[in-house]
Amino acid sequence: MARCPAILIAAPASGQGKTTVACALARLHARQGRTVRVFKCGPDFLDPYWLALASGAPVHQLDLWMTGEADCARRLHDAALEADLVIVEGVMGLFDGQPSAADLAQRFGLNVVAVIDASAMAGTFGALAWGLQHYREGLRFAGVLANRVASPGHAVMLEDGLRNPAQWLGALMRNEALSLPERHLGLVMDHELGDAMQRLDAAADALAETRLGRMTAGDLQAWAVDFDISGAAAPDVPSAALQGRTIAVARDAAFCFLYAANIDCLQALGAELVYFSPLRDGALPPCDALWLPGGYPELHADTLAANTAMKGGIAAHVQAGKPVWAECGGMMALFDQLIGVDGLSHSMWGILPGRVTMQKRLAALGPQQLEVAGGTLRGHTFHYSTCATPLQAAGRTQAAPGRALRGEGEALYVAGSTGSVKASYFHAWFPSSPATAARLFLKDGHD
């Protein structure tokens, strides 16, 4: 049993300021010398970069289906053992999705802090707060924070609209300097901005003026939660499955969608990981297998196309029959061509025949699972491109239980003379089946 103050930062919808508030709260307490552990609800890759910068610690995803209830329980328990405060950032609106952030909060008894963009409302703010608190029985509601407030007078109007004044956690004034920039797949990554930490400090300073920001360590004990893992099954990790094998992992601005838990999983399986940049490096590091994660190859297509030495190194790796696992952006770079939203064509690595074309609208989104290498991996899909290829799909993803797919699931493509290349738009959560994940990086699924 571990006991620690724990809150879920939620909202009635996306775009209300959950990430900014979660980052500000984490940064504020970290600056005060407290140990803060932060999690992200759902499969998001980008928010965790900001949350990790704010808290000074790795950020893992929590999802009752994708990561699993036992995995969630264990991660929260372990965080609570060492933390003074656990923060979970929700996803979309509090009750959106299957499972939702509310489901997670109810399962683990997390205290819900609702962030509401109050920029265009007054009395309705109170109605929204009341609805979020009472829509479902059993939620522990900690209070409500008004965001993007026009003036101190506006803040008074909002507070007066609450049926229970004790729920008022304060107001953040409208300030563009506190916003985190976005693009088509989500937030711009922290390391792409020269002032990322300054933005977080400014948000923390603003939050420090609110009731939420003024809460001391003693005050936070009112939100303490007991985390019990006595009924949570231990993960089944074959610790020698990748022993002695080196996996080269692409990691730079073009290939940046990496779950920290996936990296931990491969290391727990015995693999040695080496990182390289397809944008900057002229050769692959010596390795037995290659992992090309998702990211933004479309934003760096010219640079990737110009790096012919890297293209040759990847081709040689494939010709040697060594395994490749490529997901989403990693798969996009393996095709012959990438066509941007501007219609311009860029030559890619030529491992997979065909082309990918960027769209202005989302092409696919949702939790899915994939049968591959003799097992099933859980994960999700989220992309703005489509692909056209003569390759036949070796398999397709299936919807998460209780969900339905629009059309066919994501294709799994297998290529290379020995079938060593496996690629899909699907983003895998390796801890959902460590043995299956290991086989992605072994020849023919075995050593």
Handout entry: Candidate set: the stretch 354-392, residues that are touching a helix residue (DSSP H, G or I) at 6+ places or on another chain (Cβ under 7 Å) and hydroxyl-bearing (S, T, Y); chosen: the one surrounded by the fewest Cβ atoms within 10 Å (Cβ to Cβ)
Key = T376
Fill in the blank from the handout: Note on the stretch 410-439: residues within 21 Å of L64 (Cβ to Cβ), assigned to a loop (DSSP other than H, G, I, E, B) and of a type outside the set (S, T, Y) are F426
Exercise for the section: Select from the stretch 88-141 the residues that are acidic (D, E) and in contact with a Phe, Trp or Tyr (Cβ under 8 Å, 6 or more places away or on another chain) and list them in ascending order. Expected result: E89
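Residue-by-condition table, conditions (1) surrounded by 12 or more Cβ atoms within 10 Å (Cβ to Cβ); (2) basic (K, R); (3) within 30 Å of C256 (Cβ to Cβ); (4) at pLDDT below 95:
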position	(1), (2), (3), (4)
W130	yes, no, no, no
G138	no, no, no, yes
L187	yes, no, yes, yes
D195	no, no, yes, yes
Exercise for the section: Might you let me know whether the stretch 155-164 holds any residue that is in contact (Cβ under 8 Å) with a residue 40 or more places away in the chain and basic (K, R)? Expected result: no
Exercise for the section: Report, by residue number, each residue of the stretch 219-268 that is assigned to a loop (DSSP other than H, G, I, E, B), under 21 Å from the mean Cα position of the chain (by Cα) and within 17 Å of W325 (Cβ to Cβ). Expected result: R251, A254, L258, Y259
Handout entry: Top-ranked residue in the stretch 204-247 [being modelled with pLDDT of 95 or more, of a type in the set (G, A, S) and surrounded by 12 or more Cβ atoms within 10 Å (Cβ to Cβ); ranked as farthest from G170 (Cα to Cα)]
Key = A224
Exercise for the section: Would you confirm whether any residue within the stretch 411-421 is touching a Gly at 6+ places or on another chain (Cβ under 8 Å) and farther than 21 Å from M332 by Cα? Expected result: no
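The values are calculated or read from the model by the stated rules, or taken from the named source; none is laboratory data. From a predicted model like this one, the values you see are computed outputs, not experimental measurements. Counting neighbours? That spans all protein chains shown, and the Cβs are built from the backbone with ideal geometry, glycine included.
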